[in-house]
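First up is the structure itself, then whatever we jot down about it.
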Amino acid sequence: MDRDVMTNEENYCFDVAGYLHVPGTLTRPEVERLNREIDAMGATEGMLGWPGKTREPFRDLLVHPALVWYLNQLVGQGFILDRAPEVWCEETCDTSTPLVGGNEPRDPAIAYYFQNGRRFSEGVRVLWALEDVEEGDGGFVLVPCSHKGNVATPEEVATGADDMGLILQPTLKAGDLLIVALATVQGMRPWQGEGRQRLLSYEFVGRGVIRSAGTGPKTEAEPRPEWHADLSAEQRASLYKPGYQATTPPPTIVTDGKTTQMESGVFHPSLLQVDPDSDIDYREFYFWDLNGYLVLRGVMDEEWLDAANEAVDRFEDRIQVGEELARGSKSLAGTGRPLLNGLLELPQPYCEPFRRMVAHPVVEHRLNWMGGSGGRMGGATGFVSVKGTSGHALHDANEPLNPGRGYVYHNGRSYCEAITVTWQLRDVRAGDGGFACVPGSHKAYYKMPPGVRTCDRDMGLVKHIEMKAGDVLFFGDGGTTHGALAWKSEIARRGILIKYSSRNFNRSGGEMAHPENRWGELVEGMSDAQLAVMRGPDRDVFNNNVPRLDVANGEVIVSYERGSSLYSKEAPTGPLAKDKKG
């Protein structure tokens, strides 16, 4: 490779989605030779030990320069082969078995780690495409973002009974390399393609990982010193040596604190259990934690929809066209965004369909488990884009993290401090435009690439959400990367957007941001530096808050220099008091 490290785009893709597609890694002659040797042997495994030169191309793939270069950065230097390669095809793939993987319960042997800028994916599957895989062909599938999921995969997703729209079947060309975190939910679905299915699978793990035993004859018997014969089965189990077939997986000792006994499987007690009385829909929680957005279907009935649309039509003359928000994007370019504000203040009866959205039980119920009670809503704004209206460049990405707008999962609870809810008054079909996001980006550790921000080169990570009139969309306003595609439908967009903030943070200013309102006479005569810390809660704009205090040459100074972030109207533009001297 002609570069030292993976690009931010590659890092972002693997970090957010749990896989990386590297097109054209193998040449056509290399692919042809691999296929020729497989056809000649008529076998789908054991290729590292095939006779003569037949095995060489498969051994070469163990240390293919491109593969080594990527695995050094994804798994870590010193990575090892965990399971011997095998050919996945119609004859060998059991498509009746559930998908495997996922981060809950967490398996440290294949888990994804990130801390202080260092990333380790302890286990990865490497797939070499030896034949093309077109869209809809079936075969290998995965659930993007699931390598960082905090909620166990619902059974119906794993079995395919109901994939909840989460399953991705990668499209590949012969010679492509696909690297998938083993913590990502994955497996095989029935092959539907016209051509033959042929993927060559290798599994690699980190240097110290104990996951699989080898196939050598010495793995068949674990050596034990003679004195082990005097021990109990539980004592011998505690002294096992890794790497042998009898100790892979390792023995399990189960205890109640008074006795011990041997069992199979993993025993890892938890303080927590799923609460069936929590009134939280498990599938909704899984979807929300995985993606950072959620759609509820059919919340509004026809009568309610008719009233809301009639109100928008009645006050069409109040629509104001704002700025163009494509931010230099070619694919999102268009005219300014039309908005209809003040929907809650419309005269009777036109305000009623929008006031019904306030404190609606369906919404409040989800807000409570998404971010906790005590949240407050802003105004209701109608997004009424017409054909040719620009999209909105994607924004908010959880990196750098801002607590007031981020996402945290902890002990079975979702903590999302900023949530936007959009009520759909009209259908949004594929190709129409409108809301789009990067699923899983609310847990991103890498900065959003420019191509994703503009959607001009999104690496397949940006998802446009189709909805029906009456649906309600929730998304993490600060954590989930989101925006809008240019509106292309002849029928104008109709979505009512309402922002919610948690009880813990203020992001909308207000008169209580001013020191004199918050504290009264207590701040009389204070210096400007003192007044800066007497302000009330206001919008947090990372390192460019106004005012902010810095220290220079041992002296505290007040800075009012602004960055490019959004500020509330209460943020001052300059000093509010003269510093006291003496």
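The values are calculated or read from the model by the stated rules, or taken from the named source; none is laboratory data. Since this is a predicted model, take the numbers as computed values, not measurements. Positions of Cβ are backbone-derived with ideal geometry, glycine not excepted, and every protein chain shown enters the neighbour counts. With ligands, DNA and RNA removed, areas are computed over all heavy atoms of the protein, side chains included. Shrake-Rupley method; radii C 1.70, N 1.55, O 1.52, S 1.80 Å.
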A careful count of residues in segment 1-40 that are assigned to a helix (DSSP H, G or I), aliphatic (A, V, I, L, M) and within 19 Å of Val75 (Cα to Cα) gives 2
Subset of segment 437-451, residues assigned to a loop (DSSP other than H, G, I, E, B) and either open to solvent by 10 Å² or more (accessible area, probe 1.4 Å) or farther than 13 Å from Leu294 by Cα (or both), comes to Pro439, Ala444, Tyr445, Tyr446, Lys447, Met448, Pro449
For segment 101-127, give me the residue count where each residue is among the β-branched types (Val, Ile, Thr) and either under 18 Å from Asn150 (Cβ atoms) or part of a loop (DSSP other than H, G, I, E, B) (or both). 1
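Here is a yes/no grid of residues against (1) under 36 Å from the mean Cα position of the chain (by Cα); (2) at pLDDT 95 or above; (3) among the charged types (D, E, K, R):
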position	(1), (2), (3)
Val205	yes, yes, no
Thr215	no, no, no
Pro225	no, yes, no
Asp230	no, yes, yes
Gly243	yes, no, no
Pro251	yes, no, no
Where residues in segment 134-151 are outside any helix (DSSP H, G or I) and within 15 Å of the chain's Cα centre (by Cα), which of them is surrounded by the most Cβ atoms within 10 Å (Cβ to Cβ)? Cys145
When you go through Asp94, Asp162 one by one, which is the residue that is touching a helix residue (DSSP H, G or I) at 6+ places or on another chain (Cβ under 8 Å), open to solvent by 50 Å² or more (accessible area, probe 1.4 Å) and not small (Gly, Ala, Ser)? Asp162
Collect the residues in segment 466-485 that are open to solvent by 10 Å² or more (accessible area, probe 1.4 Å) and of a type in the set (Asp, Glu), keeping them in residue-number order. Glu466
Is it the case that some residue within segment 402-415 is in contact with a helix residue (DSSP H, G or I) (Cβ under 9 Å, 6 or more places away or on another chain), more than 29 Å from Asp281 (Cβ to Cβ) and outside any strand (DSSP E or B)? no
Is one or more of the residues making up segment 377-393 within 26 Å of Asp458 (Cα to Cα), open to solvent by 60 Å² or more (accessible area, probe 1.4 Å) and touching a helix residue (DSSP H, G or I) at 6+ places or on another chain (Cβ under 9 Å)? no
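Just to be sure, is Asn150 at pLDDT 95 or above and among the polar types (S, T, N, Q)?
Yes; evaluated as a whole, the condition is true for this residue.
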Just a yes or no: is a residue in segment 500-520 small (Gly, Ala, Ser), within 29 Å of Leu425 (Cα to Cα) and outside any loop (DSSP other than H, G, I, E, B)? yes
Under 6 Å between Cβ atoms, which residue pairs at least 6 apart in sequence (or on different chains) link something in segment 448-470 that is more than 16 Å from Asn398 (Cα to Cα) with a partner that is among the small types (Gly, Ala, Ser) and open to solvent by 20 Å² or more (accessible area, probe 1.4 Å)? Cys455/Ser331; Asp456/Ser331; Glu466/Ala430; Gly470/Gly298
Can you find, within segment 261-302, the residue that is most open to solvent (accessible area, probe 1.4 Å) among those that are on the phi > 0 side of the Ramachandran plot and under 28 Å from the mean Cα position of the chain (by Cα)? Asp279
If you go through segment 202-237, how many residues are part of a helix (DSSP H, G or I), open to solvent by 70 Å² or more (accessible area, probe 1.4 Å) and either β-branched (Val, Ile, Thr) or within 19 Å of Pro250 (Cβ to Cβ) (or both)? 4
In segment 103-133, anything open to solvent by 10 Å² or more (accessible area, probe 1.4 Å) and either on the phi > 0 side of the Ramachandran plot or of a type in the set (Val, Ile, Thr) (or both) is listed as Ile110, Asn116, Gly117, Val133
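Here's the yes/no breakdown for (1) among the aromatic types (Phe, Trp, Tyr); (2) over 26 Å from Leu367 (Cβ atoms); (3) open to solvent by 20 Å² or more (accessible area, probe 1.4 Å); (4) modelled with pLDDT of 95 or more:
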| position | (1), (2), (3), (4) |
| --- | --- |
| Thr420 | no, no, no, yes |
| Asp427 | no, no, yes, yes |
| Ala430 | no, yes, yes, yes |
| Phe435 | yes, no, no, yes |
| Arg453 | no, yes, yes, yes |
| Asp456 | no, yes, yes, yes |
Flagged in segment 303-362 as within 15 Å of Trp423 (Cβ to Cβ), open to solvent by 40 Å² or more (accessible area, probe 1.4 Å), free of Cβ contacts under 8 Å to residues at least 40 places away in the same chain and in a helix (DSSP H, G or I), in numbering order, are Glu303, Asp306, Arg355, Pro361
